[in-house]
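Derivation of every value follows stated rules applied to the coordinates shown; laboratory data play no part. Predicted model, so just to flag it, every value in this text is computed and none were measured. Neighbour counts run over all protein chains shown; Cβ positions are idealised from the backbone, glycine included.
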Amino acid sequence: MKKSPFSRQFKKDAFSGYWFTLPAAITLLVLVTYPLLYGAYISFFDTNLINKWDFVGLKNYTDIFSNWSFINRILVTLLFSLLVIVGHFVIGTGLAMVLNMKLKGIVFFRAVLIIPWLLPEVVVALLWKWLFNPIYGLFNAVLMDLNLITEPITWLGNKYTAFFAVVLVCIWKGFPLVMMMMLAGLQSISTEQFEAAQIDGANKWQVFRYITIPGLLPVLLVTLILDTVWWFKHFTIIWILTAGGPGNATNVVSIDIFKQAFEYFEFGSASAMAVIVFFVCFLIGFFYRRMLRDDDL
């Protein structure tokens, strides 16, 4: 029985969607799925990735959890991520609400405030490292000119100031992403809802609680997950500023993984750490989705 032209066209249209998604699917398999699976595979070996492949099973994982230093790295990373993310959302959301107002010249400030996110991380780290320099850094020069300090402060060489200096730099670098995401979320909320709330006599807090927050919830959830995962595994800025020092003050888990792999050449142990970090990020995302469900607000 001869097929009708309509059935052939329908079959062609049905498969056209798969052809369009095939390049993206192949890219994800090659650049995401395969490295994840290969990294998990390496974690079961004591290997240098060349001529040493000794199968050790779960030994790398048991050694990690029996070593308090790795747990300490996770705690430092959690504290670092918490401070950075809170700073991002406080500054980013506040600026987004200001930029959402109909003020003169607001477009110019939108362009200026997004600059930190557009700068490469290496450039940001080197710029701030110069500002923090104890000999010719701008911060010490200004503080000494104002007679607020009598001698230069080694911002990145003191364990009490290095951690918060790194946090400050990462907040400055990352707040524009949250700002733009929150601004997009605010502009997606219908103005009719705000007008109806004003007619009903709702105050500013009630409008924010029952209209703004629920309207921002989808954007808030995505932004929170992306921001947390990005900064939990962050490496570049911290490495350039302090390389994990002084001591272990800024030695987050990404620095520890890098040192295990490329300084001590313990690729199996480093892969096991990376797998653990993957599951920590997965659990954080799961917690966010449970915490920010629509029926909870």
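Distance between Cα centroids, the stretch 208-272 to the stretch 61-136: provide it in whole Å. Going from one Cα centre to the other spans 11 Å. Geometric descriptor of the stretch 139-280, per residue, is 164 Å³ (volume of the convex hull of the Cα atoms). The largest-to-smallest principal axis extents of the Cα set in the stretch 34-145 are 65, 40, 28 Å. 3J(HN,Hα) along the stretch 273-286: 4, 5, 5, 5, 4, 4, 5, 5, 5, 5, 5, 5, x, 5 Hz, from the Karplus curve 6.51 cos²θ - 1.76 cosθ + 1.60 with θ = phi - 60°, whole Hz, x for Gly and Pro. Which one, 153, 257, 199, has the greatest fluctuation when you compute a Gaussian network model over the chain with C-alpha springs under 10 angstrom? Sorting by GNM fluctuation, first place goes to 199. For the options 24, 40, 249, a Gaussian network treatment of the chain with springs between C-alpha atoms closer than 10 Å singles out 24 as fluctuating the most.
Summing charges over neighbours of residue 57, with a neighbour being any other residue whose Cβ is under 14 Å away from its Cβ, gives -2 when K and R count +1 and D and E count -1.
Each other residue within a Cβ distance under 12 Å of residue 127 adds +1 if Lys or Arg and -1 if Asp or Glu, for a net charge of +1. From the coordinates of this entry, mean projected area of the Cα convex hull in nm² is computed, and it appears in (1) 27.0; (2) 20.2; (3) 18.6 under the label (1).
Between 19, 230, 128, find the one with the highest GNM mean-square fluctuation for the chain; connect C-alpha pairs within less than 10 Å. Checking each option, the largest mean-square fluctuation is seen for 19. Descending by average beta-carbon neighbour count within 10 Å, the peptides 172-179, 118-125 line up as 172-179, 118-125, the highest first.
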